[in-house]
Amino acid sequence: MTRLLNLLSPNEMQIEALEKLKQLGLPTKKTEEYRYFDIKALMSKKWDRYIGDEIDIKDGKDIIIQNGIVISMPKNKGITIEYVTKADMDKNHFDPLYYLGYALSKTNIKIHFSKNCDVIIRHIYSIADKLIPYRTFLYIDDNVKADIVEFTEDANADNSFVCSGSDIFVAKNANVSLIKEQTTRKNGCVCISSDRAHIKPNATFNLHTFNFGDGESLNLIKAELQNEAHINSYHLLFAKENANMGTVSKIIHKGKNSKSIQKSKNILQDSAKGIFDALIKIDNQAPKSTTNQNSQAILLNDGAFMASKPQLEIYIDDVEAGHGSTIGELDAGQLFYLRSRGMEQNEARKMLILAFANEMIDLIEEKDVKETIHKSFDYVYRNKPQIECIATCHNCEEIMLKEKS
Amino acid sequence: MNKDKKIVLDIKNLYASIAEKEILKGLDLQIQEGKVHVIMGPNGAGKSTLSKTIVGHYDTEIKSGDILYKNENIVDLSPEERALKGIFMSFQNPIEVPGVNNAYFLRTALNTKRKYLGLSELNAAQFLRELKKLLKELGMKPEMIQRSLNQGFSGGEKKRNEILQMMVLKPDFIILDEIDSGLDIDALRDVSEGINKMKDGKRSFLIITHYSRILEYIKPDFVHVLKDGKIIKTGGADLVAQLEETGYEALEEI
Ligand SMILES: Nc1ncnc2c1ncn2[C@@H]1O[C@H](COP(=O)(O)OP(=O)(O)OP(=O)(O)O)[C@@H](O)[C@H]1O
Ligand SMILES: [Mg+2]
């Protein structure tokens with residue numbers, strides 16, 4: 001990895017990132033944030049960096065970013081995209097890979113939202129055995145409501161390492177929802193996404209992350225809340241076989257009356273390892289703030305492991321805080337209830353696992369997106385998407401119930 | 001055997017414990033096909049333990065004795081096998097299952113049973129058409145089936161939902177553990193009518209209750225008194241009035 005850091009003619013931003021990276025050091029097994037992740041294997045590999053050439057951006061329904069290069073975007077949605085070499089990098093991020101991404105990518109993708117809109121960003125990875133570094137900036141203007149969905153698609157990027165992430169600027173009174181779905185597979189690409197969200201006064205940021213599969217992925221998030229700002233941060237993980245995945249986050253309340261809710265649900269199967277290492281910090285400039293943090297994990301069998309570490313640090317009296325963490329098996333009473341109605345034990349277990357996950361997926365308002373995520377979950381969970389009605393698809397009921405009898 | 005005395009459930013000298021505490025202490029009970037049996041008895045006597053033992057709840061452990069259902073010993077069968085063979089219990093306290101859509105649950109349960117019986121599965125539309133009729137009969141709001149199973153349901157709504165499951169699954173032997181507790185007057189009537197509609201001369205009922213009110217709607221054929229882990233008295237419908245007058249204390253053990 002260090003070999004890669006001998007950059008030819010780095011720009012100002014890269015120099016700054018390298019400097020920060022030097023201070024933090026490349027992560028090792030001992031680095032707090034990567035304690036439970038197999039970082040050593042990743043860092044010791046001889047990587048080839050992939051930097052693609054910018055091409056003309058086509059008009060398309062979604063924003064498509066392939067191997068770090070923008071392929072298409074929707075015109076007339078109030079969205080502008082440009083490559084920038086200078087942007088507002090966080091001076092104080094906890095994650096070394098945040099800076100590694102900046103150090104290794106010469107240009108960064110800046111996406112600007114100037115009016116209300118909803119958009120899907122598809123990140124496609126299609127080259128094998130490469131390190132793919134790139135950073136995105138999401139700027140959301142004052143008073144704008146933006147619903148952004150990020151799907152990640154591993155198109156034969158076997159054994160690649162994607163070092164990416166976004167800096168998200170949620171301006172005053174803006175309302176942003178960011179849904180990130182990532183399914184990683186064994187021997188596919190490893191995805192480490194290091195984000196930072198800056199949430200201005202009176203703004204709301206809803207973050208939903210979904211990490212599924214038998215591969216490796218990690219979300220690292222740093223979020224700062226100013227006066228009256230809100231963050232709702234939800235994380236669902238389903239990991240199987242030898243998967244290694246999770247969320248490492250730091251949410252910092254910097255302004256008064258700020259509010260945070262963080263919930264994580266984790267399902268671990270086979271010998272998969274899940275991580276939820278999340279700190280919520282309420283600064284002394286943030287009186288009357290409220291926070292609630294909760295993590296639940298279900299271990300489906302003996303070899304599965306969950307590292308759950310929700311933490312609160314509070315530096316002022318006048319706040320409201322709640323927090324909890326449970327790791328366990330499926331509820332015996334619920335299991336019996338289903339079986340007493342004739343469902344075979346395995347079927348009953350499946351239904352409860354789906355239910356556990358559905359609670360997180362159903363928080364998504366947009367129907368198509370919700371369906372897509374239900375399907376990706378199902379795909380990983382049952383090795384096939386379920387074509388038939390699923391537990392929470394209420395469409396047919398609604399239609400039937402409206403029908404005149 | 002006498003033709004009009006076919007036994008659907010035959011419990012012989014049953015000893016069962018919960019958490020190593022002996023609750024059922026040599027209980028004998030016979031349920032006749034097509035009949036309504038009522039069990040009454042003081043709090044803590046073991047009525048719910050009996051029903052849980054019949055359906056194979058994990059809390060209960062049979063120490064000795066047999067439970068024959070349709071002439072087959074079921075003590076070693078899984079709860080789902082017992083259910084598929086036609087045994088149904090409505091829970092005294094139905095559990096909440098967040099995230100499991102009520103309609104989806106009902107349809108899965110019904111299709112599991114249909115598959116077991118060698119019938120074709122119903123698709124969502126076919127199923128919902130049937131379900132809609134039942135909802136109406138039970139005076140249940142259609143929204144109830146779009147919600148998570150029992151989650152946030154009021155006490156009475158939970159009870160109605162148990163009856164809905166009974167009506168969907170059409171079991172042969174039905175145990176109703178305090179189905180009448182917590183029901184308002186209208187709900188009691190709707191639920192009782194639902195139960196009465198299920199009576200077909202073959203289906204048998206075991207109704208556990210503390211109140212005679214529900215028995216004004218559903219006429220019992222037999223009334224049993226369960227006290228201290230045993231059936232201590234069996235009689236006809238008139239036993240209810242007698243119990244209301246004297247209470248359980250006055251009953252002499254046989
Ligand atoms: N899970 C349990 N652990 C320990 N004791 C239990 C458990 N469940 C029931 N018991 C005990 O078993 C005894 C019988 O309880 P059961 O619920 O069968 O009574 P019941 O006749 O149904 O009473 P009620 O009329 O109040 O419903 C009681 O003393 C009760 O405390
Ligand atoms: Mg009871």
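The values are calculated or read from the model by the stated rules, or taken from the named source; none is laboratory data. Just so we're clear, the structure is a prediction, and the values are computed from it rather than from any experiment. Using ideal geometry, Cβ is built from the backbone for each residue, glycine included, and neighbour counts are taken over all protein chains shown. Quick note on the areas: whole protein, heavy atoms, side chains included, nothing else; ligands and nucleic acids left out. Shrake-Rupley method; radii C 1.70, N 1.55, O 1.52, S 1.80 Å.
Model label sites at A:Asp317 and B:Ala19, defined 7 Å from Cα along the beta-carbon direction, differ in position by 4.2 nm. Dipole size of chain A about its Cα centre, with +1 on Lys/Arg Cβ and -1 on Asp/Glu Cβ: approximately 560 debye, rounded to the nearest 20.
With the convex hull of its Cα atoms as the shape, segment B:1-122 has an orientation-averaged projected area of 9.6 nm². Rounded to the nearest 500 deg cm²/dmol, what is the calculated helix-only ellipticity per residue at 222 nm for chain B, with -39500 (n - 2.57) per DSSP H run of length n ≥ 4? About -10500 deg cm²/dmol.
Of all aspartates and glutamates in the structure, the ones whose alpha carbon falls short of 14 Å from that of B:Lys85, not counting any fewer than 8 places away in one chain, are A:Glu344, B:Glu72, B:Asp76, B:Asp172. Take every DSSP beta bridge whose two residues both sit in segment A:2-329; close to 5 percent of them are antiparallel.
Most simply put, the protein assembly as shown has about 20% antiparallel DSSP beta bridges, counting only bridges with both residues inside it. How would you classify segment B:160-254 from its alpha-carbon gyration tensor, with a ≥ b ≥ c the square roots of the eigenvalues: rounded for a/c under 1.5, else prolate if a/b is greater than b/c, otherwise oblate? Since a/c reaches 1.5 and a/b is larger than b/c, the shape of segment B:160-254 is classed as prolate.
Solvent-accessible area per residue in the protein assembly as shown equals 42 Å², computed with a 1.4 angstrom probe and all protein chains kept. Distance from the Cα centre of segment B:193-254 to that of segment A:67-103, in angstrom? Using only Cα atoms, the two centres lie 74 Å from each other. For peptide A:347-358, the mean count of partner chain Cβ atoms within 10 Å of a residue's Cβ comes to 4. Protection proxy ranking for A:66-77, A:243-254, using the average of other Cβ atoms within 10 Å per residue and placing the highest first: A:243-254, A:66-77. Relative protection proxy for B:97-104, A:308-315, from highest mean packing down: B:97-104, A:308-315 (other beta-carbon atoms within 10 angstrom). Over segment B:120-217, the reciprocal of the mean inverse Cα-Cα separation, the Kirkwood hydrodynamic radius, stands at 14.2 Å.
Couplings 3J(HN,Hα) for segment A:214-225, derived from phi with the Karplus relation 6.51 cos²θ - 1.76 cosθ + 1.60 (θ = phi - 60°), are 10, x, 10, 7, 9, 9, 10, 9, 10, 10, 10, 10 Hz, where x marks Gly and Pro. When Lys and Arg each count +1 and Asp and Glu each count -1, what net charge do the other residues less than 12 Å away from A:Asn187, Cβ to Cβ, add up to? Result for the local shell: -4.
The three principal axes of the C-alpha atoms in chain B carry coordinate ranges of 55, 41, 39 Å, sorted with the longest axis first. Evaluated at q = 0.16, 0.17, 0.22 Å⁻¹, the base-10 log of the normalised Debye intensity for segment A:115-164, with identical point scatterers placed on the Cα atoms, takes the values -0.57, -0.62, -0.82. Once the Cα atoms are used to define both axes, helix A:12-24 deviates from the longest principal axis of chain A by about 60 degrees. DSSP bridge analysis restricted to chain B gives an antiparallel fraction near 60%, rounded to the nearest 5.
For the A and B pair, go ahead and give the buried accessible area with a 1.4 Å probe, both sides summed, in Å² to 100. Intermediate results must be reported in sequence, preceding the final value.
On the way: alone 18380 and 12790 Å², together 28000 Å².
Answer for the A-B pair: about 3200 Å² buried.
Here segment A:229-305 and segment A:120-184 have alpha carbon centers that stand 19 Å from each other. Report, in degrees rounded to the nearest 10, the 0 to 90 angle that the Cα long axis of helix B:102-116 makes with the longest principal axis of chain B. Approximately 70 degrees, to the nearest ten. With the whole protein complex present, B:Leu131 retains an accessible surface near 0 Å², based on a 1.4 Å probe. The accessible-area ordering, largest first, of the residues B:Thr234, A:Thr31 stands as B:Thr234, A:Thr31, per a 1.4 angstrom probe. When only alpha carbons are used to place a centre, segment A:186-203 and segment B:55-126 end up 45 Å from one another. Dividing the alpha-carbon radius of gyration of segment A:1-94 by the rule-of-thumb value 2.2 N^0.38 Å gives 1.38. Overall, segment A:70-177 carries a charge dipole of about 400 debye about its Cα centre when +1 sits on the Cβ of Lys and Arg and -1 on the Cβ of Asp and Glu, all other atoms neutral. For chain B, the longest principal axis of the C-alpha atoms and the axis of helix B:124-138 are separated by about 50°.
Listed values for segment A:90-95 are Karplus-derived 3J(HN,Hα) couplings in whole Hz (6.51 cos²θ - 1.76 cosθ + 1.60, θ = phi - 60°), namely 5, 7, 9, 7, 7, 9, and x replaces Gly and Pro.
Overall, the ratio between the Cα radius of gyration of the protein assembly as shown and 2.2 N^0.38 Å, rounded to two decimals, is 1.18.
About its Cα centre, how strong a charge dipole does chain B have in debye, to the nearest 20, once Lys and Arg get +1 and Asp and Glu get -1 at the Cβ?
Value, rounded to 20: 1080 debye.
Leaving ligands, DNA and RNA out of it, report the carbon-plus-sulfur percent of the accessible area of segment A:2-329 at a 1.4 Å probe. Answer for segment A:2-329: carbon and sulfur cover 46 percent of the accessible area. Using just its DSSP H runs of length 4 or more, each adding -39500 (n - 2.57), chain A gives a mean residue ellipticity at 222 nm of -6000 deg cm²/dmol after division by all residues.
In this calculation the C-beta distance from A:Glu365 to B:Ile185 is compared with R0 = 51 Å, giving a FRET efficiency of 0.80. Positive end of the dipole of segment A:229-297 (Cβ unit charges, origin at the Cα centre): among A:Asn232, A:Asn244, A:Ser295, the Cα lying farthest that way belongs to A:Asn232. Let me know the shape class of segment A:2-329, please: from the alpha-carbon gyration tensor, a ≥ b ≥ c as square roots of the eigenvalues, rounded when a/c is under 1.5, otherwise prolate if a/b is greater than b/c, or oblate. Here segment A:2-329 falls in the rounded category.
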